[in-house]
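Sharing a structure with you now.
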Amino acid sequence: ETGVTQTPRHLVMGMTNKKSLKCEQHLGHNAMYWYKQSAKKPLELMFVYSLEERVENNSVPSRFSPECPNSSHLFLHLHTLQPEDSALYLCASSRQSSYNEQFFGPGTRLTVL
Amino acid sequence: AQSVAQPEDQVNVAEGNPLTVKCTYSVSGNPYLFWYVQYPNRGLQFLLKYITGDNLVKGSYGFEAEFNKSQTSFHLKKPSALVSDSALYFCAVRPYSGSARQLTFGSGTQLTVLP
C-alpha cells in the first residue's frame with residue numbers, strides 16, 4: 001500500500017543461520033534505508049544508500065551486511081546473529097532531497113533463538 | 001547532534017475530544033520536522049511535515065501540527081479524536097543544512113482513544 005514491500009514478514013532463525021531480508025520500492029526513489037526498531041527504543045538508523053552507494057553506516061556490527069544492487073532493491077544479509085538482534089527491521093525509501101519524507105515498508109519481525 | 005523528545009510515552013483521550021501529542025527538538029540551524037504514525041504490525045506512515053512557511057501544518061486524517069521556533073516544539077494536534085487514531089506516533093527531525101540524510105526519531109507516544 002505504501003509502495004515499499006518487505007519479505008519475509010516474519011523470520012525465526014538460529015544464531016548459526018544465514019538469512020537475508022529483502023526490500024523493494026516501486027516509487028521511483030533514489031535513496032533507501034534500513035532501520036532497527038526494538039521495543040521501548042527509538043528507531044535506529046542502520047544503513048543509508050543513495051544512488052546505490054552506501055552513504056551511512058551507523059556503527060552496525062558486521063554480522064549485518066547490506067546490499068543495494070539497484071535503486072529499487074535493498075537487502076540485509078544476516079549471519080551469526082545474537083538474541084539481542086531480535087527486532088522489527090524496517091526498510092524505507094525517499095527521494096534524495098533532504099526535505100522529502102521517507103516511505104516505510106511493513107517490516108520484518110526477526111526472532112533470533 | 002540533533003535530538004527529539006516525546007515526553008509522554010502514553011496519551012489517553014476520549015473519542016470526540018481534542019488530542020495533543022507533544023514533541024520538542026534540538027538541531028543546529030533550522031529544522032525539517034516530521035510526524036509519522038505506526039499501526040500494529042505495520043511500518044511507519046507519513047502524516048505531515050514542516051519545511052518552511054506557515055507555522056501551522058495540516059496533514060493526513062485531519063491531523064495538524066504547529067511549529068514553534070522559540071519553544072523548539074512541534075506538537076501534533078487533532079480537534080476531534082477517533083478510536084481509529086489509536087496508534088504509535090513518532091516525531092522526527094533533521095537539519096536544514098548538512099549532509100545527513102537520516103531522520104532522528106523520538107521514542108514514540110502511544111495514543112489510545114477511548115470510545
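DSSP loop trypsin sites (Lys or Arg not before Pro) in segment B:1-84 with at most 13 other Cβ atoms within 10 Å of their Cβ, which ones?
B:69
May I ask which residue of B:5, B:31, B:63 lies farthest towards the positive end of the charge dipole of segment B:1-103, with charges of +1 (Lys, Arg) and -1 (Asp, Glu) on Cβ and the Cα centre as origin?
Farthest towards the positive pole: B:31.
Please state the equivalent ellipsoid semi-axes for the protein assembly as shown: what are the square roots of 5 times the Cα gyration tensor eigenvalues, largest first, in whole Å?
Equivalent ellipsoid semi-axes, largest first: 30, 21, 15 Å.
If every alpha-carbon in chain A counts as one equal scatterer, what log10 I(q)/I(0) does Debye give at q = 0.13, 0.17, 0.21 1/Å?
-0.44, -0.75, -1.15
Taking 7 Å along the Cα-to-C-beta vector as the label spot, tell me the residue A:109-residue A:5 distance in nanometres, rounded to one decimal.
2.1 nm
Estimate the FRET efficiency between residue A:80 and residue A:57 by the formula 1/(1 + (r/R0)^6), using the beta-carbon distance for r and 30 Å for R0, to the nearest 0.05.
Plugging the Cβ-Cβ distance into 1/(1 + (r/R0)^6) gives 0.95.
Accessible surface of residue A:29 in the full protein assembly, 1.4 angstrom probe, to the nearest 10 Å²?
Only protein atoms counted, so the area is about 20 Å².
Compute the accessible area per residue over segment B:49-100, keeping the other protein chains in place, probe 1.4 Å, unit Å².
On a per-residue basis, segment B:49-100 sits at 49 Å².
Express the relative contact order of segment A:44-98 as a whole percentage, based on alpha carbon pairs under 8 Å and six or more residues apart in sequence.
23 percent
For the ranges B:50-57, A:105-112, what's the packing order if you count other beta-carbon atoms within 10 Å of each residue, average per peptide, and put the highest first?
Descending packing order for the listed peptides: A:105-112, B:50-57.
Just to confirm my numbers, what's the Cα centroid distance between segment A:40-113 and segment B:1-53 in Å?
One Cα centre to the other: 22 Å.
Separate question: When only C-alpha pairs under 8 Å and at least 6 residues apart count, what is the relative contact order of segment B:1-96, in percent?
Over segment B:1-96, the number comes to 39 percent.
Spin-label point model (7 Å from Cα, Cβ direction): what's the residue B:26 to residue B:84 distance in nm?
3.9 nm
What's the local net charge at residue B:92, with K and R +1, D and E -1, over the other residues with C-beta under 11 Å away?
+1
Give the aspartates and glutamates whose C-alpha is closer than 17 Å to that of residue B:58, dropping any in the same chain fewer than 8 places away, or say none.
List returned: A:101, B:66, B:85.
Calculate the radius of gyration of the Cα atoms of chain B to one decimal place, then report Dmax, the largest Cα-Cα distance, as a whole number, both in Å.
In Å, with Rg to one decimal and Dmax whole: 13.6, 45.
Right, next: Defining a contact as two alpha carbons under 8 Å apart and six or more residues distant in sequence, what relative contact order in percent does chain A show?
Rounded, it is 37 percent for chain A.
Do any cysteines of chain A lack a neighbour Cys whose Cβ is under 4.7 Å away, and which are they?
That list is A:68.
Testing the spin-label approximation: label points 7 Å from Cα along Cα→Cβ at residue B:51 and residue B:10. State their distance in nm.
It is 3.9 nm.
The values are calculated or read from the model by the stated rules, or taken from the named source; none is laboratory data. Fair warning: this is a prediction, and the values are worked out from it, not measured in the lab. Please note: Cβ atoms are built from the backbone with ideal geometry, for glycine as well, and neighbour counts cover all protein chains shown. To get the accessible areas, we keep the full protein, side chains included, count just its heavy atoms, and leave off ligands, DNA and RNA. Shrake-Rupley method; radii C 1.70, N 1.55, O 1.52, S 1.80 Å.
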